[in-house]
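I have placed the structure first, in the form of structure tokens, so that the comments after it can refer back to it.
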Amino acid sequence: MPFDTDAPSVSALEFRNVTHSYGAVVAVSDLVLSVSAGETVCLLGPSGCGKTTALRIAAGLETPSSGELWMGGRCLFGPSVHVPPEQRGVGLVFQDYALFPHLSVLDNVIFGLEAEKPAARKGLAMDALSLVGMADYADVYPHTLSGGQQQRVALARALAPKPSVVLLDEPFSGLDARLRDEVRDKTFHALRQSGAAALMVTHDAEEAMYMADRIAVMRDGLLVQLGVPKELYQKPSDKFVAAFFGEVNSFPGIAEKGVVETPMGHIPAPGFADGQPVDVVVRPEALRLSPAQDGVFGPGYAKVLSSRLLGRSSLVHLCTCKTTGEELHLHARVHGAYMPSDESLQAIVLDESQAFVFPGEAAT
Ligand code: ATP
């Protein structure tokens, strides 16, 4: 894969064809990725896909098998170059805050500022605490803080030395849902204001969409798609990426004359040969329902099996029917106010922008 040509010529952080193996396991394979100053890139993927290994390579905690790592035009790892972690000047934020219990919040942040002049340290630490909304807690000890507050202090400690690169490994996963939203928001704004390049690991697609300017989806050590969140959501490169951004309806089909026949009508399948097996992927929110008392159960209509209110949306379990008579169970996600009764017949219309056709798995 060529270098990332969309990125500015000097990236804050750049992986150049980085590979790392643990024995026979290739954890990261030929990774090419750049992060610009002020940009947040999320590494997203399932457990074991190599996200943390990539982050640890950037931090200098792991030595790659091959490739080069650059920061701000400086080679940190390459043939005969290996800059140790403490000389990389990156900010690190891990899941487990790792604050010193015997130091106050202020002293925890000052601890990371030993390279600064002593007279400047308190001011820099207070600036960083203000950035994450924790200046009022400067004199308290970590054990008196909630998990979310501790994580904000950890972020302040990472940002206080004004690093050009911040690396975050699942920084919100130890927090409960309510705290997670709050800390995520604070982190988003603090990173924006800091101007640092941020590389963040997450396995949560919604979190990646919330935080990232660009998302790098990984699978089995490979970067499978890189782009802005909208691009990944609306133009996934394959079924794996499509399914990673939320539950999908997925079923096999056959391409014929540039379309695939489905219970919701024809879906465009440009570029597929006649008779080619395909996988059709339809997001539940792509299915629009309306009452159809006079309809007949068949293509274009669906029978309701069950409706479940999920809050802002409802999940409707549907039974649909192909022209062949074969039935297909689909999920529709509709506005929460719409809960059609069991056994009712619904007209079903497809939003084609949320339906995708990929080569059938048997064919790939
Ligand atoms: P998770 O989300 O579960 O943390 P991940 O995407 O961050 O997963 P990595 O931790 O980078 O994935 O692991 C990638 C692969 O490398 C996995 O197969 C893992 O088992 C393997 N691996 C990671 N660290 C080591 C190690 N120290 N020794 C041997 N194998 C390792």
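Would you point out the residue of the stretch 158-192, among those that are of a type in the set (S, T, N, Q) and assigned to a loop (DSSP other than H, G, I, E, B), that is farthest from the ligand (Cβ to nearest atom)?
First, pick out the residues of the stretch 158-192 that are of a type in the set (S, T, N, Q): 164, 173, 187.
So of that shortlist, the ones also assigned to a loop (DSSP other than H, G, I, E, B) come out as 164, 173.
Working: Ser164: 24, Ser173: 9 Å.
Among them, the one singled out is Ser164.
Of the candidates Ala292, Ala362, the single residue that is in contact with a Pro (Cβ under 7 Å, 6 or more places away or on another chain) and at pLDDT below 95 is Ala362. Residue count for the stretch 139-152, restricted to those that are open to solvent by less than 50 Å² (accessible area, probe 1.4 Å) and part of a helix (DSSP H, G or I): 7.
Taking the criterion of being open to solvent by less than 40 Å² (accessible area, probe 1.4 Å), under 20 Å from Trp70 (Cβ atoms) and out of contact with any Leu (no Cβ under 8 Å at 6 or more places or on another chain), the only residue of the stretch 191-235 that qualifies is Gly195.
Of all residues in the stretch 21-37, exactly one satisfies the criterion of being open to solvent by 30 Å² or more (accessible area, probe 1.4 Å) and under 16 Å from Gln193 (Cα atoms), namely Ala37.
For Leu155, the criteria (1) under 22 Å from the mean Cα position of the chain (by Cα); (2) over 22 Å from Pro85 (Cα atoms); (3) part of a helix (DSSP H, G or I) hold in every case but one, which is (2).
If the condition is being on the phi > 0 side of the Ramachandran plot and within 10 Å of the ligand (Cβ to nearest atom), then the stretch 23-36 contributes only Gly23. Can you confirm whether the stretch 153-165 contains a residue that is on the phi < 0 side of the Ramachandran plot and touching an Asp or Glu at 6+ places or on another chain (Cβ under 8 Å)? Yes, some residue in the stretch 153-165 is on the phi < 0 side of the Ramachandran plot and touching an Asp or Glu at 6+ places or on another chain (Cβ under 8 Å). Only a single criterion out of (1) modelled with pLDDT under 90; (2) buried (at least 19 other Cβ atoms within 10 Å of the Cβ); (3) more than 20 Å from Arg56 (Cβ to Cβ) is not satisfied by Ala128, namely (1). The residues on offer are Glu352, Glu343, and the sole one that is in contact with a strand residue (DSSP E or B) (Cβ under 9 Å, 6 or more places away or on another chain), within 20 Å of Val281 (Cα to Cα) and surrounded by fewer than 18 Cβ atoms within 10 Å (Cβ to Cβ) is Glu352.
Considering every residue within the stretch 91-109, establish whether at least one is in a strand (DSSP E or B), touching a residue at least 60 places away in the same chain (Cβ under 8 Å), open to solvent by 40 Å² or more (accessible area, probe 1.4 Å) and under 27 Å from Glu14 (Cα atoms).
Within the stretch 91-109 (the criterion being in a strand (DSSP E or B), touching a residue at least 60 places away in the same chain (Cβ under 8 Å), open to solvent by 40 Å² or more (accessible area, probe 1.4 Å) and under 27 Å from Glu14 (Cα atoms)), the answer is yes, since at least one residue qualifies.
If we scan the stretch 37-60, do we find a residue that is part of a strand (DSSP E or B), touching a residue at least 24 places away in the same chain (Cβ under 8 Å), within 16 Å of the ligand (Cβ to nearest atom) and not hydrophobic (A, V, I, L, M, F, W, C)? For the stretch 37-60, residues part of a strand (DSSP E or B), touching a residue at least 24 places away in the same chain (Cβ under 8 Å), within 16 Å of the ligand (Cβ to nearest atom) and not hydrophobic (A, V, I, L, M, F, W, C): absent.
The values are calculated or read from the model by the stated rules, or taken from the named source; none is laboratory data. These numbers were taken from a predicted model, which means no experiment stands behind them. Backbone-built Cβ (ideal geometry, glycine too); neighbour counts: all protein chains shown. Surface areas here come from the heavy atoms of the whole protein model, side chains and all, with no ligands, DNA or RNA. Shrake-Rupley method; radii C 1.70, N 1.55, O 1.52, S 1.80 Å.
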